[in-house]
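Written below as structure tokens is the structure these notes are about.
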Amino acid sequence: MTDESVVRRRLSLLPPIRRARLWRLYSEARGPGRPWRYLDMWMDDGRAILGAKGSRLGTVAKAAVDTGLTNPFPSVREARLEKSLLAAYPGYGAVRLYRNEERATREAARLSQGAEVPILRPFTDHLEDAARGDSGESARAARLAMPRLPCPASLAPAALLFRAPSDADAASADIVPPLQLAAAHAALVDLARFSQEYDEALWRKADRRLAPFFRRRGPYLYPRAAEPDYEAVFSAALGAGILLSPAFEIPSIIPGDFDDGELAALAAALRAPVSD
């Protein structure tokens with residue numbers, strides 16, 4: 001279970017951010033001895049895996065705002081998003097949509113009678129859960145799961161996936177603003193294109209610098225440091241201009257674009273011995 005107070009405290013160590021572009025954050029602070037640009041390797045737990053706003057999100061969101069589709073109305077976009085989700089997660093047979101992750105989480109808890117419902121993050125097949133011994137493959141086999149949409153939380157709806165369509169009959173659902181439906185659909189289309197180049201060949205380029213400090217599973221980076229030492233790891237990375245996952249149990253993610261100098265700075269900052 002993620003301690004949200006720890007996440008907030010660690011993120012508050014960042015200076016005010018004035019702009020985000022792709023996988024880099026630009027801060028207001030430009031004083032000596034402090035980074036003003038940060039490579040985002042957290043990506044809001046995968047919500048920003050396409051970069052700060054993907055390739056078409058701004059255009060799609062603006063079009064929805066311009067046509068006044070910001071309130072919860074029935075929309076043909078609902079069926080489009082459901083179709084995209086079922087294509088992205090083959091093996092699931094039904095979808096229910098919600099206005100945010102909190103509402104989806106509450107419904108998932110009700111349907112599962114309190115049992116944990118896996119989150120299907122982008123590139124789930126590469127994930128592992130050291131605490132439970134679960135893998136991405138077992139998460140994909142779950143009867144009920146919540147996909148992590150590659151879309152900023154401020155714009156994204158949430159969804160539950162049901163392996164058996166009959167299981168979805170017992171689930172409630174929301175009428176979601178068309179703006180959110182359009183944003184999530186555009187993000188899934190972008191993710192399919194992004195996946196053609198965001199692959200092992202790119203991820204492997206990070207190993208030279210980061211293998212001593214992280215175990216890599218696909219694009220996901222698990223710290224070799226023990227949990228009590230992760231506070232120092234996170235702070236050292238921030239000082240080197242790298243934003244790692246602020247939660248020990250949530251892996252950091254290799255961005256879609258990085259240069260060797262950025263990873264070299266991170267490796268230098270983490271040079272102290274770490275436990276395996």
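The values are calculated or read from the model by the stated rules, or taken from the named source; none is laboratory data. The model shown is predicted, which means the values in this text are computed figures rather than measured ones. A quick note on method: Cβ atoms are made from the backbone with ideal geometry, for glycine too, and the neighbour counts reach across all protein chains shown.
A few comments on the model shown:
- Here GLY136 clears all of (1) in contact with a strand residue (DSSP E or B) (Cβ under 8 Å, 6 or more places away or on another chain); (2) at pLDDT 90 or above except the condition numbered (2).
- Subset of the range 248-271 that is among the aliphatic types (A, V, I, L, M) and over 28 Å from THR124 (Cβ atoms) - its residue that is surrounded by the fewest Cβ atoms within 10 Å (Cβ to Cβ): ALA268
- Conditions (1) of a type in the set (A, V, I, L, M); (2) free of Cβ contacts under 8 Å to residues at least 12 places away in the same chain; (3) crowded, with 19+ Cβ neighbours inside 10 Å: number failed by ALA109: (3)
- Some residue of the range 51-59 being on the phi > 0 side of the Ramachandran plot, of a type outside the set (S, T, N, Q) and touching a strand residue (DSSP E or B) at 6+ places or on another chain (Cβ under 8 Å): yes
- Number of residues in the range 54-108 that are part of a loop (DSSP other than H, G, I, E, B) and of a type outside the set (A, V, I, L, M, F, W, C): the value is 17.
- Yes/no for ARG99 being without any contact (Cβ under 8 Å) to a residue 40 or more places away in the chain and charged (D, E, K, R): no
- Considering the range 208-247, and only residues there that are part of a strand (DSSP E or B) and not aromatic (Phe, Trp, Tyr), the residue that is surrounded by the fewest Cβ atoms within 10 Å (Cβ to Cβ) turns out to be ARG215.
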